């Protein structure tokens, strides 16, 4: 049986709440607008059931787009760090990470790599305050233990 290694997991907290609330509001708004589309217009056009369903469908698509912002997450353990952002992701061993950064005024944390590239860690956001600080401390602890300098 292998010893349980330390693991750091983080997802944006406040952004998830805002996105879910916004998605529900968008679907509700488009559902109300869709049901309000009835009868004819002054220009001679008319709205039917397919137009109403299209409005609700459009609301669902927009809500799904907003919910894509809840996708970011980071997981790190002794093997490395796995970052998933809104689009794309990275699976990095600790040996290629130079530093875990969370600069003053920065909206999210980042990983500085040995080849002078940076990887944004959208899962650790400044507006999450103490939660973000704890996640960065955990990432730095793992980096110090397993990183290139270790």
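Which ones in region 78-131 are surrounded by fewer than 17 Cβ atoms within 10 Å (Cβ to Cβ), in contact (Cβ under 8 Å) with a residue 40 or more places away in the chain and farther than 21 Å from residue 145 by Cα? Of everything in region 78-131, those that are surrounded by fewer than 17 Cβ atoms within 10 Å (Cβ to Cβ), in contact (Cβ under 8 Å) with a residue 40 or more places away in the chain and farther than 21 Å from residue 145 by Cα turn out to be 127, 131. Residues in region 93-131 that are farther than 14 Å from residue 75 by Cα and either assigned to a helix (DSSP H, G or I) or touching a helix residue (DSSP H, G or I) at 6+ places or on another chain (Cβ under 7 Å) (or both): 15 in all. From the set of residues in region 15-41 that are loosely packed, with under 14 Cβ neighbours inside 10 Å and modelled with pLDDT under 95, which is nearest to residue 63 (Cα to Cα)? Per the criteria, the residue is 32.
The values are calculated or read from the model by the stated rules, or taken from the named source; none is laboratory data. A quick note: this is a predicted structure, and the numbers were derived from the prediction, not measured. A quick note on method: Cβ atoms are made from the backbone with ideal geometry, for glycine too, and the neighbour counts reach across all protein chains shown.
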